[in-house]
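One structure below.
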Amino acid sequence: MCHRCDYETLLEENGLNAGRNRMRVLEVIGDNEGPVSATEIHRRLIRSDPINRVTVYRILDLLVENGIVERISGEGRSFYYGLAANENHRPHPHFYCRRCGGVQCLSPGSLTVDSEPLLQTFSGRVETVAVRVVGICAHCTTSVQGKIS
Ligand SMILES: [Zn+2]
Ligand SMILES: [Zn+2]
Ligand SMILES: [Zn+2]
């Protein structure tokens with residue numbers, strides 16, 4: 001669990017009851033050092049207590065809608081989930097590895113986007129600007145170089 005975020009407060013500040021399953025889903029997401037897939041969240045939850053897959057998806061949708069959790073695109077239609085930016089976590093871009101399919105957090109400020117020209121020329125309402133960095137992660141790079149078998 002993230003030591004700085006209080007999930008109960010996070011839920012209640014957003015008008016949601018701190019239900020047991022919501023707390024459990026948030027704990028799995030906050031526990032992980034990077035974004036985690038819905039399948040993986042479900043897999044970890046059922047280790048301790050049975051929970052329906054549909055329930056997990058419903059909770060994730062709710063958390064995303066309320067801005068508590070951020071949904072990050074992986075490959076194709078797969079999604080990863082991480083804590084959304086809040087007072088403890090600055091917004092940051094994500095890296096997608098096209099070899100292992102993993103998604104990881106990049107440090108805040110490692111990549112800045114100047115959206116001012118966009119806001120000046122686009123007449124609609126911009127809600128989020130998502131930057132996707134694609135390549136081969138450090139783990140996959142070394143496992144290719146040091147391939148023994
Ligand atoms: Zn946190
Ligand atoms: Zn990789
Ligand atoms: Zn992240």
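Among the residues of segment 79-107, the ones that are away from ligand 1 (no atom under 13 Å from the Cβ) and of a type in the set (Lys, Arg) come to 2 in all. As for segment 36-53, it holds no residue that is within 13 Å of ligand 3 (Cβ to nearest atom), open to solvent by 70 Å² or more (accessible area, probe 1.4 Å) and of a type outside the set (Lys, Arg).
Residues that are surrounded by 11 or more Cβ atoms within 10 Å (Cβ to Cβ), farther than 11 Å from residue 92 by Cβ and in contact with a Lys or Arg (Cβ under 9 Å, 6 or more places away or on another chain) are absent from segment 115-128 altogether.
What are the pairs, 6+ residues apart or on separate chains, where a residue within segment 16-29 that is basic (Lys, Arg) has its Cβ under 7 Å from a residue that is surrounded by fewer than 19 Cβ atoms within 10 Å (Cβ to Cβ)? Every condition considered, the pairs that remain are 22/16. Please determine whether any residue of segment 59-78 is in contact with a Cys (Cβ under 8 Å, 6 or more places away or on another chain), open to solvent by 20 Å² or more (accessible area, probe 1.4 Å) and within 16 Å of ligand 1 (Cβ to nearest atom). No, every residue in segment 59-78 fails to be in contact with a Cys (Cβ under 8 Å, 6 or more places away or on another chain), open to solvent by 20 Å² or more (accessible area, probe 1.4 Å) and within 16 Å of ligand 1 (Cβ to nearest atom). Looking at residue 56, is it surrounded by 13 or more Cβ atoms within 10 Å (Cβ to Cβ), within 12 Å of the chain's Cα centre (by Cα) and under 16 Å from residue 37 (Cβ atoms)? In short, no. Look at segment 78-93: where a residue is under 16 Å from residue 66 (Cα atoms) and of a type in the set (Lys, Arg), no partner that is within 16 Å of ligand 2 (Cβ to nearest atom) and open to solvent by 40 Å² or more (accessible area, probe 1.4 Å) sits 6+ places away or on another chain with Cβ atoms under 8 Å.
Within segment 91-107, the residues that satisfy the criterion of being part of a loop (DSSP other than H, G, I, E, B) and under 13 Å from the mean Cα position of the chain (by Cα) are 91, 92, 93, 102, 106. Among the residues of segment 81-101, those that are within 16 Å of ligand 2 (Cβ to nearest atom) and open to solvent by less than 40 Å² (accessible area, probe 1.4 Å) comprise 94, 95, 96, 97, 101.
The values are calculated or read from the model by the stated rules, or taken from the named source; none is laboratory data. Here the structure is a predicted model, which means the values were calculated and not measured. No Cβ is skipped: glycine too gets one built from the backbone with ideal geometry, and neighbour counts run over all protein chains shown. In case anyone asks, the SASA skips ligands and DNA or RNA and just uses the protein heavy atoms, side chains included. Shrake-Rupley method; radii C 1.70, N 1.55, O 1.52, S 1.80 Å.
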